Amino acid sequence: MRSILAGFVTSAVVFLGLVTVRPVRVDAARAPGEDARAFMKAYCISCHTEQMKSRGVVPVALDMLDASVVADNAETWELVVRKMRAGLMPPAGMKRPDKAAHDQFLSWIEGELDRAARERPNPGRTEAFHRLNRTEYRNAVRDMLDLDIDVTGWLPPDDASYGFDNIAGVLKISPTLLERYLSAAQKVSRTALGIAPPSPTVDYFRVADDRAQEQELPGQLFGTRGGASIRYNFPMDATYSVRVQLSRDLNEQVPIYVEPQDLEVSIDGERVKVFTLPGAAAPAGPPASEPAAASDSDAPQPAGRGQGRGAGARAGGAGRGGGRQGQEARNRADRDWEVRVPVKAGPHVVQVAFAKESNAVAETARLPFLRPYPAGVNIAEARTGAYLRSVEIAGPFDPTGPGNSPSRQRILICTPANRSSEDACANRILTALARRAYRRPVTAADVRPLLAFYREGRAEGSFDQGIDRALNRLLISPEFLLRVEADPPRTPSGTVYRISDVTLASRLSFFLWNSIPDDELLTLAEQKRLNDPAVLDRQVRRMIADPRFDSFVESFAGQWLFLRNLPASVPVQQNFPDFDDTLRQAFRTETELFFKSVIREDRSALDLLRADYTFLNERLATHYGIGDVKGTRFRRVPLPPGSRRSGLLGQGSILTVTSYPDRTSPVVRGKWIMENLLGTPPPSPPPGVPPLKPPSFATKVLSVRERMIDHRRNPPCASCHAMMDPLGLALENFDAVGKWRALDESGGPIDASGAMPDGTKFDGPDGLRQALLGSDRFVMTLTEKLMTYALGRGVAYYDEPAVRDIVRNASRDDYRVVTLIRGVVQSVPFQMRRTK
Amino acid sequence: MRIVTKRALPRRTFLRGAGVALGLPLLDAMVPALSALADTPAAVAKRLSFIYMPNGVAKNSSGIDYWTPPTEGRNFQMSQILAPLEPFRDRLLVVSGLDQNQAEAGNDGASGDHTRGTSSWLTGVYPKRTEGADVRNGISADQIAAPVLGKDTALPSLELAIDLNFLAGQCENSYSCAYLNTLAWTSPTTPLPTENNPRVVFERLFGDGGTAERRAAHARRNRSMLDSVLDDFNRLQRQLGPGDRAVVDEWVDSVREVERRISGVEKRNNDELPTLERPTGVPERFDEHVKLMYELQWLAFRADLTRVVTFMLGRELNFRTYPEIGVTEGHHGLSHHQDRPEQIAKYAKVGVYQAELLAWFLEKLQSTPEGDGTLLDHSLFLYGAGLSNPNTHAHVDLPLLVIGGRDVGVDGNRHVVIRRQVPMTNLLLTLLDKAGVRADTLGDSTGRMPVSGLADV
């Protein structure tokens, strides 16, 4: 135990006293802490007294704290440090120290806290059981079995704490959830081995109602428009049915169009079928093969149709395929749009899209991305061609065999030549699987229960069925579903110890990949080489470069920055007519590519706020008012100095998820900045807040800023809104979908002046950006978020010395994100644990 | 791309299923096969169901109130929100004036009225302010009922919801999202996950299909797997220190409970399951989604697969819009109506919408015969919210509506106003009484409702 600790202490000492920790003036004549006491007397203790605390005026009392033994009250002191670093204390308007005194005081406190932590490190304690969350389960299945299937329908979402859904303490079990694991395990093993399900399954893919389908969409074949592209895992060599359905209007009717609408179904880029909705110009009378055609010439066009933007492409006038019969025929047109096609087992891309016609382009040139709405009562159809509503993939039918899918290749590492060699082969297969599943070396005792299930399945059917049964059992093993961290045997309570290499490998892979360790990582751990800092560092770099790191971006950035909320953002159509699902997805793609580039290109964390580039396609560039970007492909686009779009605060994703459906909310944006960029969530409203006074019903439309002034007139509200609102107001030039605007909804010019919680004033997004860059808290906050996510527990006061250590170290390396990640991996809380 | 269902109801919400599920007219054919009750009309299954509205109802603290009936007593005058329930007047008992004190801010410095509104609704317990492993609430009324009412059904209870909970940053500071995501707690430390995907609910109710023989084999296999998993836990139990063993127990308890359920099902039912059409996913529109979830509850009741349900019509703090009824502001934002009459009126539309969907469900239950009456006759509902005036996060005078006929001891067509301080847990205890579930206390309960039975209030 001691030698382990010694190693840590040496490495930590190296970082001592550098950069942000200024040398502390030591006055030999004064007792330790005397300067600090004087500082506090001058700036803190007029409010933070026991008496004020007991009256509920302040949450923390500082008057009885002994500044000479900081370590004894580390929890309170860490709070002091946090509030002061964020500029929240002393509050604006009170007597405030000059910068030198402020920094000196903080450096001294931090120095004391850090010294105590070095002398007696406290890594805290991760939970003994850490259940895999849904993302981790999916990725583990993918990496163990080479089977990438969407398990989100099979397992419920996980409860989040501290902003992340991988917090061990709240990843609980219940009978309901266990039933779901049982059923998921069965489906996974069956699919991986290509064993037929009891009945064919149907997967249904719905195209978002608000996705415009006028243009070619990302991931689609050239010369198409709209549609859907689906990566789908076909479980066996068999026939599958693909059925497609056209979108309806608001009255559940299929609209009529001048030109025939060709809908192509392709698998892996090969066309397998074209379905045609006849155009209005088609000859009258049903074609022989159809029960009724989409055209008939008897009845007049229903009233109200044939007007509006889509009229050019749609059939207008009487006698062109309108009428009730024609309508009914159109409604039935896609009833039999089903193609049966043999497909080999494994993942394939199913694409469904319309053939693009030239006239659609001219029609949409003026307002290329207006979200075209479907016709309804008194609403003319605004779509220029048919839209796809859904794709159903069903099967397997008439299976010809399990095929040679990637998952079978991965699992079946041997093929028994005859019955007598089966057991040995099964043993090999299951030993290899168990090692990956349990993330540790396995023994015969581990494999024994699996073999028992193998034999049972083998006795009932085939070798494959035996493996299926054993794999099913493996997938509900506690050591697959749970990361288990057990204290070393017979260790006294409260002992600090270094976790094993094998445990470290799992912490690392779940941190950076949301998944199990791969062979290389596990082998290094088994050889006990992973604790070598150089080896560990190489692994971190390798893992960041690996495609599995994409999951880190999705999960970490998705939750830190709220990108995961984008699907739930539904801006109101009348206010934001050119917002649609393609733009929503482009928002997410931009931020994910951007976030990834900052890490992969070894850039500074500060670039997250100030980068001179971003990633755009034509759709997004047009939204941002940036020219010369063509097509659906995303590419890096340089931004001019001082660009509005520089960094996260200029990105549509963040600006949209922090808005209401119908308008911007400076409160939500301000709160988001305080929580996620400054790490100082504003306190929730105090109990018993009186409702806002109803505004006098002025004839003037008030701007959001004007409406919010009321918030701040009201003292209980003001204390927090005075901090949140000015941060959000600086972004008012971005509307609720992140489009730039000069005027707000009241028609007046936007006043984008704002202020930091410490009162520092600035103007507009660039001012906000500069203010955040100047704050100590941004990198600290990112580091705390990384730490929370990496450990799967909340960051506590005793982790703060480690956080400061990481940031201090990174400050000498331009705050590179990779350096922060490496710092987390090398930190005491990540590498060590305390016994219960 | 989302996986969702088709649009209209009821038929088209179920897959036609390319050769998968052809044949039987929807659902009717299966009921005789599944329902033990059909054979024994005398056996009346009592069901208990709790339906929750997020973000309170359209009212303020100075007289505007779209929920509370304007008159008291028998033959009360319907409020605007309750009006769609007029056809069921005889079964309605509107209870005004009850409080949920445990949802009020305590002295732990935490705000979080939405969180506590949800988590205390059926527990009457002030939740522990934490995001860590020490999450602690109380056992909820539905979960007190589940082991009693559900002892012979395939699922002791169903936990359903409309909103997903994958969103980031939508929980109140210093409370775990666990408190906000469900009403149901089987123990003070075990929240039950909710499900919003109709297809998953369907599969939980009816499984993957297949023959009775195949299902029986499947159940046997699952049981032997769970047995074997218990061995693993015993081994882990020995590896872990004494302080960590409680967490192993939680898992072991869950394994045992699932084993118990499986053997219960094995004993109970060897009927052939008819081929059923399955819902395909989560509909985009609120009404379609809610109807589909109600339809599944109807199905579960009808086939007697469960007798206890919690259903959240939304998650507190949600920002869902309802453009189909002209509500384009997010739900939570709108609920903070700032005392503006036109905002409250607008918010009332959401309440009416919810009540219309409830009426649709009640109608479905009423038109389904069961034993000597209908499904509705043997069911007891509590419909309401954990907040009353949402603008101030009030937890007093909660909107609460008991729905149940004389067969379950509810004397309806009345609006009762309680003028003393009475916790809503007293009502929950009384409801449990009516369902034949004996509980002495629940959270902060101080007794039963003022007079012993609801019918006598």
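The values are calculated or read from the model by the stated rules, or taken from the named source; none is laboratory data. Predicted model only: the values in this text are computed from it and were never measured. With ideal geometry, Cβ positions are generated from the backbone for all residues, glycine too; neighbour counts draw on all protein chains shown. Ligands, DNA and RNA are stripped out before the accessible areas are found, and what is left, the full protein with its side chains, is counted by its heavy atoms. Shrake-Rupley method; radii C 1.70, N 1.55, O 1.52, S 1.80 Å.
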(message) Please report Rg (one decimal) and Dmax (integer) in Å for the Cα set of the stretch A:75-137.
(response) 17.9, 53
(message) Check which residues have an amide H placed less than 5 Å from A:Arg816's amide H, if you skip close sequence neighbours.
(response) A:Ala605
(request) Compare the Cα positions of B:Tyr383, B:Gln338, B:Leu365 along the charge dipole of the stretch B:296-390 (+1 at Cβ of Lys, Arg; -1 at Cβ of Asp, Glu; about the Cα centre) and return the one farthest towards the positive end. (result) B:Gln338
(request) Along Cα→Cβ, 7 Å out, is where each label goes; now give me the distance between the ones at A:Glu706 and A:Arg120 in nm to one decimal. (result) 6.0
(message) Beyond a 28 Å Cα-Cα separation, which of these cross-linked pairs lie in this structure: A:Lys187/A:Lys356; B:Lys46/B:Lys349; A:Lys95/A:Lys761; A:Lys53/A:Lys95?
(response) A:Lys187/A:Lys356; B:Lys46/B:Lys349
(request) Spit out the partnerless Cys residues in chain A, using Cβ distances under 4.7 Å as the pairing rule. (result) A:Cys44, A:Cys47, A:Cys717, A:Cys720
(message) Which aspartates and glutamates, if any, have their Cα less than 12 Å from the Cα of A:Lys83, not counting same-chain residues under 8 positions apart?
(response) A:Asp758, A:Asp776
(message) So for the stretch A:698-836, considering every pair of alpha-carbon atoms, how many percent are separated by more than 27 Å?
(response) 43
(message) Quick check on the stretch A:119-266: what does the Kirkwood estimate of hydrodynamic radius come out to from the alpha carbon pairs, in Å?
(response) 19.7
(message) Restricting to DSSP loop positions (anything but H, G, I, E, B) with no more than 11 other Cβ atoms inside 10 Å of their own Cβ, which trypsin sites (Lys or Arg not before Pro) remain in the stretch B:370-448?
(response) B:Arg438
(request) Alpha carbons only, please: Rg and Dmax for the stretch A:374-529, in angstrom. (result) 23.6, 78
(message) Kirkwood hydrodynamic radius, computed over distinct alpha-carbon pairs, for the stretch A:190-252: how many Å, to one decimal?
(response) 14.6
(request) Scan the stretch A:623-685 for chymotrypsin sites (Phe, Trp or Tyr not before Pro) in coil per DSSP, keeping those whose Cβ has at most 16 other Cβ atoms within 10 Å, and list them by number. (result) none
(request) Quick one: pull the percentage of alpha-carbon pairs in the stretch A:522-679 with a separation above 22 Å. (result) 49
(request) Starting from the eigenvalues of the Cα gyration tensor, five times each then square-rooted, give me the equivalent ellipsoid semi-axes of the stretch A:717-775, largest first, whole Å. (result) 20, 14, 9
(request) Using only alpha carbon pairs under 8 Å that are at least six residues apart, calculate the relative contact order of the stretch A:238-279 and give it in whole percent. (result) 30
(request) Name the lysines eligible as straight-distance cross-link partners of B:Lys128: C-alpha to C-alpha under 20 Å, and not fewer than 8 places from it in the same chain. (result) A:Lys172
(request) Using the charge dipole of the stretch A:570-634 (Lys, Arg: +1 at Cβ; Asp, Glu: -1 at Cβ; taken about the Cα centre), state which of A:Pro571, A:Thr591, A:Tyr613 has its Cα farthest towards the positive end. (result) A:Thr591
(request) Leaving out ligands and nucleic acids, note down the accessible area per residue over the stretch B:62-108 with a 1.4 angstrom probe, in whole Å². (result) 43
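Starting from the Cα gyration tensor of the stretch A:473-590, multiply each eigenvalue by 5, take the square root, and state the resulting semi-axes largest first in whole Å.
40, 18, 14
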(request) For chain A, report the translational diffusion coefficient in µm²/s to the nearest whole number, using Stokes-Einstein at 4 °C, 1.567 mPa s, and a Kirkwood Rh over Cα pairs. (result) 42
(message) Name the residue from A:Phe562, A:Asn676, A:Thr49 whose Cα lies farthest towards the positive end of the charge dipole of chain A, charges +1 on Cβ of Lys and Arg and -1 on Cβ of Asp and Glu.
(response) A:Thr49
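Count neighbours as other Cβ atoms within 10 Å of each site's Cβ, and list the trypsin sites (Lys or Arg not before Pro) in the stretch A:418-450 that are DSSP loop with at most 14 such neighbours. Write out the running numbers ahead of the final one.
Details: sites: A:Arg419, A:Arg428, A:Arg435, A:Arg436, A:Arg439; in loops: A:Arg439.
Within the stretch A:418-450, no trypsin sites (Lys or Arg not before Pro) qualify (loop, at most 14 other Cβ atoms within 10 Å).
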(request) For A:Met756, A:Met543, give the ranking by accessible area with the largest first, probe 1.4 Å. (result) A:Met756, A:Met543
(request) Would you mind telling me the share, in percent, of accessible area of the stretch A:725-807 contributed by carbon and sulfur at probe 1.4 angstrom? (result) 52
(request) Using a 1.4 Å probe and ignoring any ligands, DNA or RNA, find the accessible area of B:Arg215 and quote it in Å² to the nearest 10. (result) 60
(request) Anything losing 20 Å² or more of accessible area from the isolated chain to the full protein assembly: pick those residues out of the stretch B:232-253, probe 1.4 Å, ligands and DNA/RNA ignored. (result) B:Asp232, B:Phe233, B:Arg235, B:Leu236, B:Gln239, B:Leu240, B:Gly243, B:Asp244, B:Val247, B:Glu250, B:Trp251
(message) Given a 1.4 angstrom probe, what's the average accessible area per residue across chain A, in square angstrom?
(response) 39
(message) Net charge around A:Ile750, counting only other residues with Cβ within less than 9 Å of its Cβ (Lys, Arg = +1; Asp, Glu = -1)?
(response) -1
(message) Over chain A, what is the relative contact order in percent, taking alpha-carbon pairs closer than 8 angstrom and at least six residues apart?
(response) 15
(message) Can you give me the convex hull volume of the Cα atoms of the stretch B:76-132, divided per residue and expressed in Å³?
(response) 124
(request) Compute the semi-axes of the equivalent ellipsoid of the stretch B:42-195, taking the square root of 5 times each eigenvalue of the Cα gyration tensor, and list them largest first in whole Å. (result) 29, 24, 14
(message) Given all pairs of different Cα atoms, what value in angstroms does the Kirkwood hydrodynamic radius of the stretch A:436-526 take?
(response) 15.0
(message) Output wanted: per-residue J couplings in Hz (rounded whole) for the stretch A:597-604, from phi through Karplus 6.51 cos²θ - 1.76 cosθ + 1.60, θ = phi - 60°, x for Gly and Pro.
(response) 5, 5, 7, 5, 8, 6, 9, 6
(message) Nearest 100 Å² is fine: what is the total accessible surface buried where chains B and A meet, probe 1.4 Å?
(response) 8100
(message) Can you give me the long-range amide H partners of B:Leu380? Hydrogens built in the peptide plane at 1.01 Å from N, cutoff under 5 Å, separation of 5 or more residues or another chain.
(response) B:Arg47, B:Leu48, B:Ser49
(message) Suppose accessible area is computed on protein heavy atoms with a 1.4 Å probe; arrange B:Ile64, A:Ile516 from highest to lowest.
(response) B:Ile64, A:Ile516
(request) Of the listed pairs B:Lys59/B:Lys434; A:Lys41/A:Lys99; A:Lys671/B:Lys59; A:Lys99/A:Lys596, which have alpha-carbon separations greater than 24 Å here? (result) B:Lys59/B:Lys434; A:Lys671/B:Lys59; A:Lys99/A:Lys596
(message) Given axes a ≥ b ≥ c from the Cα gyration tensor, I'd like to know whether the stretch A:214-284 is rounded (a/c under 1.5), prolate (a/b larger than b/c) or oblate.
(response) prolate
(request) Using only the Cα atoms of the stretch B:154-270, construct the convex hull and provide its projected area averaged over every direction, in square nanometres to one decimal. (result) 9.4
